[in-house]
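The structure under discussion appears below in the form of structure tokens.
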Amino acid sequence: MFFTDRSSLEAKVRELKETLPCKRVLVCGGLGCLAKGSQKVFDRFKECLEREKIATQAKHLTEERHYAVKTGCIGLCEAGPLVMIEPQGILYLRVQPEDVEEIVEETLKKGKIVDRLVYQEEQDGRKVLWPLMKDVPFYRKQVKLVLRNCGSIDPESLEEYLARDGYLGLAKVLTEMIPDTVIGEITKSGLRGRGGGGFPTGRKWQFARVVKADRKYIICNGDEGDPGAFMDRSVMEGDPHSVIEGMAIAGYAIGAQEGYIYVRAEYPLAVKRLKKAIQDARSAGLLGENILGTSFSFDIVIREGAGAFVCGEETALIASIEGKRGMPNPRPPYPANRGLWGKPTVINNVETLANVPVIILRGADWFRSFGTLTSPGTKTFALAGKVKNTGLVEIPMGITIRELVFEIGGGIQNDRAFKAVQVGGPSGGCLTESHLDLPIDYDSLCGAGAIMGSGGLIVLDEDTCIVEVARFFMSFTQNESCGKCVPCREGTKHMLDILGRIVAGKSTVQETELLQETAFVVKDASLCGLGKTAPNPVLTTLRYFRDEYMDHVLHHVCPAHVCQAMKEYWIDPEKCRSCGKCARVCPVSCISGRPKVPYLIDQEKCIKCGSCFEACPFDAIVVSWRRKNDE
């Protein structure tokens with residue numbers, strides 16, 4: 001299969017649409033489902049369907065049979081392994097190998113639903129079943145543009161991508177559009193960078209387009225480093241050709257001949273599928289010299305990163321590709337003017353590039369029909385934390401946090417009270433219950449003190465200590481600081497030290513004020529985006545949860561009962577048998593006593609390790625949490 005021109009590609013697309021089977025069993029092959037055993041489920045389906053094929057042939061029947069396909073992420077990771085039956089659109093949850101025979105017998109042969117495997121909810125005291133994927137609350141409000149193929153095709157099959165109009169966008173720009181027209185269409189669409197900054201994609205391309213140079217480069221930033229984020233990974237694993245096609249279109253628009261996909265080595269499945277997709281595209285004449293018989297030549301190389309969070313910053317990423325230590329450089333010059341090896345370079349993240357082919361095919365006006373005026377289109381999110389339906393979602397811009405958490409996400413686990421959402425990962429901020437009706441778009445989130453980020457969204461419940469959350473993210477960014485500039489290197493360390501003392505009950509009000517002051521200095525004076533956004537979790541939690549900080553500082557109380565320093569161990573004299581086991585295991589010798597007299601714990605010396613609690617054979621050690629009115 002080699003395409004010499006646009007017409008040969010379009011003919012193949014038409015053929016594949018007519019010949020590829022519509023009866024399919026889609027088994028999720030995303031990492032979340034693979035970790036839960038979906039490979040065994042897939043193998044069992046293949047075995048059963050092959051057996052059915054033989055039986056069907058023996059009876060000389062001609063009806064179309066089902067085919068098993070291992071896809072990318074289907075989305076509802078919490079309920080994996082997921083299986084979808086096409087063309088009906090039946091979604092089965094938590095499927096195990098032993099369930100396969102029943103699905104084949106009941107659903108594939110008889111057309112019946114296996115009720116125990118479908119999505120269920122309690123409504124007004126009765127159980128409601130949602131067998132069809134489109135009706136499941138998790139998917140009901142989603143709009144899939146970037147994830148249009150994830151979970152619906154075999155990501156390692158070029159033919160399945162072509163059957164979904166794959167590479168027709170590239171063919172269109174090469175045969176109908178000049179580079180300036182392509183940039184104009186992307187600009188008109190309002191597509192903003194989905195890596196976190198939200199910079200207009202068309203403008204970035206235009207900056208590189210007008211620079212005169214003998215070489216130009218396109219870089220796909222797949223260095224997704226936010227804790228809990230897996231949106232870009234899922235796209236690279238589930239639909240790698242969409243990224244490749246988007247890069248080729250971007251290369252044509254700015255006049256680039258070569259592209260790099262910078263992806264962290266911790267994503268081995270994404271790397272494997274990208275490599276295969278690139279090789280298949282080359283073999284089909286969709287990458288390489290004179291693509292589709294035109295004068296445009298473009299190829300792609302994969303560079304595996306070591307996982308440094310700072311390499312998500314453009315100049316640090318470029319340094320890493322060049323073989324240098326991943327450290328940011330002052331801007332200007334910007335990469336669009338002087339980037340990789342000193343040449344004009346456009347860097348877009350995975351999600352941004354995956355949007356490009358569908359915008360070219362369907363038009364800027366169609367894309368702008370989703371989202372808001374200033375934030376058109378959709379956004380993918382990794383929905384995680386204390387929410388019932390965790391997973392990969394894609395929503396139109398402008399949907400509210402309440403809709404995302406309580407309708408798509410299904411609400412808080414164990415029906416606990418909602419406390420906050422952490423939006424944007426380590427560079428984002430915590431938003432409270434008062435922000436639940438805030439639209440999710442770049443400007444609204446920025447106005448509330450958070451950022452869109454790459455799309456990580458962690459839901460926090462009433463049992464979460466907000467100060468500990470700030471300390472966790474500060475620990476992450478401090479560890480990931482490259483150390484090049486003093487404000488980030490020293491400022492984040494100083495902030496982390498203060499937060500450590502707060503959760504240990506050893507801080508003061510003055511230090512809390514110093515924490516905020518230092519955060520503003522780090523934000524204003526740091527060299528790159530990592531340092532400038534590192535204080536966001538601290539600043540937003542101080543802004544919206546100052547009372548909780550004061551509980552820790554003034555009353556030595558953790559309202560969420562999380563911080564160990566606020567915990568107290570004491571001995572119940574009624575249960576104590578004076579055996580001395582607690583005193584013998586205490587690492588700081590804070591327990592004293594004598595025979596026939598109940599032992600005592602010196603609260604000033606106790607380090608809250610819990611060794612005594614574990615050692616006591618009589619359950620005489622009692623654990624309690626300090627309250628505001630405790631002496």
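Some points to look at:
- The condition of being at positive phi and surrounded by fewer than 20 Cβ atoms within 10 Å (Cβ to Cβ) holds for only one of Gly455, Gly483, that being Gly483.
- Glu224 vs. criteria in contact with a helix residue (DSSP H, G or I) (Cβ under 9 Å, 6 or more places away or on another chain), modelled with pLDDT under 95 and crowded, with 20+ Cβ neighbours inside 10 Å: yes
- Test result for Thr345, among the β-branched types (Val, Ile, Thr) and either within 23 Å of the chain's Cα centre (by Cα) or on the phi > 0 side of the Ramachandran plot (or both): no
- Those residues of region 313-368 which are part of a helix (DSSP H, G or I), touching a Pro at 6+ places or on another chain (Cβ under 8 Å) and within 30 Å of Ala163 (Cβ to Cβ), in sequence order: Phe367, Arg368
- Within region 321-333, residues that are touching a residue at least 24 places away in the same chain (Cβ under 8 Å) have Cβ atoms under 8 Å from residues that are surrounded by fewer than 16 Cβ atoms within 10 Å (Cβ to Cβ) in these pairs: Gly326/Ala306, counting only partners at least 6 apart in sequence or on another chain.
- Criterion (buried (at least 21 other Cβ atoms within 10 Å of the Cβ) and touching a residue at least 40 places away in the same chain (Cβ under 8 Å)) met by exactly one of Val562, Val538: Val538
- Residue check for Ile360: β-branched (Val, Ile, Thr) and buried (at least 24 other Cβ atoms within 10 Å of the Cβ): yes
- Restricting attention to region 323-365, the residues being among the charged types (D, E, K, R) and closer than 21 Å to Gly197 by Cα number 3.
- Residues (without any contact (Cβ under 8 Å) to a residue 40 or more places away in the chain and buried (at least 21 other Cβ atoms within 10 Å of the Cβ)) located in region 385-407: Ile401
- Any hit, region 162-172, residues being in contact (Cβ under 8 Å) with a residue 40 or more places away in the chain, in contact with a Leu (Cβ under 6 Å, 6 or more places away or on another chain) and either among the polar types (S, T, N, Q) or farther than 27 Å from Ser295 by Cβ (or both): yes
- Residues (in a loop (DSSP other than H, G, I, E, B) and either under 13 Å from Ile278 (Cα atoms) or of a type in the set (Ser, Thr, Tyr) (or both)) located in region 291-307: Thr294, Ser295, Ser297
- Qualifying residue in region 213-220 (condition: closer than 27 Å to Ala308 by Cβ, within 17 Å of the chain's Cα centre (by Cα) and modelled with pLDDT of 95 or more): yes
- Of all residues in region 541-559 being over 18 Å from Met474 (Cα atoms) and among the hydrophobic types (A, V, I, L, M, F, W, C), the one that is surrounded by the most Cβ atoms within 10 Å (Cβ to Cβ): Cys558
- Among the residues of region 9-27, just one is at pLDDT 95 or above, part of a helix (DSSP H, G or I) and among the β-branched types (Val, Ile, Thr), namely Val13.
- Annotation note: Cβ proximity below 7 Å between a residue of region 272-293 that is without any contact (Cβ under 8 Å) to a residue 60 or more places away in the chain and a residue that is in a loop (DSSP other than H, G, I, E, B) (sequence gap 6+ or interchain) occurs for Ile278/Leu287; Gly288/Ser297; Glu289/Ser297; Asn290/Ser297.
- Flag if Asp124 is on the phi > 0 side of the Ramachandran plot and in the same structural domain as Asp232 (by TED's automatic domain parsing): no
- Per this entry, Tyr217 is counted among residues that are in contact with an Asp or Glu (Cβ under 7 Å, 6 or more places away or on another chain), over 16 Å from Pro357 (Cα atoms) and either crowded, with 17+ Cβ neighbours inside 10 Å or not assigned by TED's automatic domain parsing to the domain that holds Pro537 (or both).
- Any chance Ala256 is in a helix (DSSP H, G or I), buried (at least 24 other Cβ atoms within 10 Å of the Cβ) and in contact (Cβ under 8 Å) with a residue 12 or more places away in the chain: no
- Verdict on Thr345 being β-branched (Val, Ile, Thr) and modelled with pLDDT of 95 or more: yes
The values are calculated or read from the model by the stated rules, or taken from the named source; none is laboratory data. Worth saying up front: this structure is predicted, and the values here are computed from it rather than measured. Cβ coordinates were reconstructed from backbone atoms using ideal geometry, including for glycine residues, and neighbour counts include every protein chain displayed.
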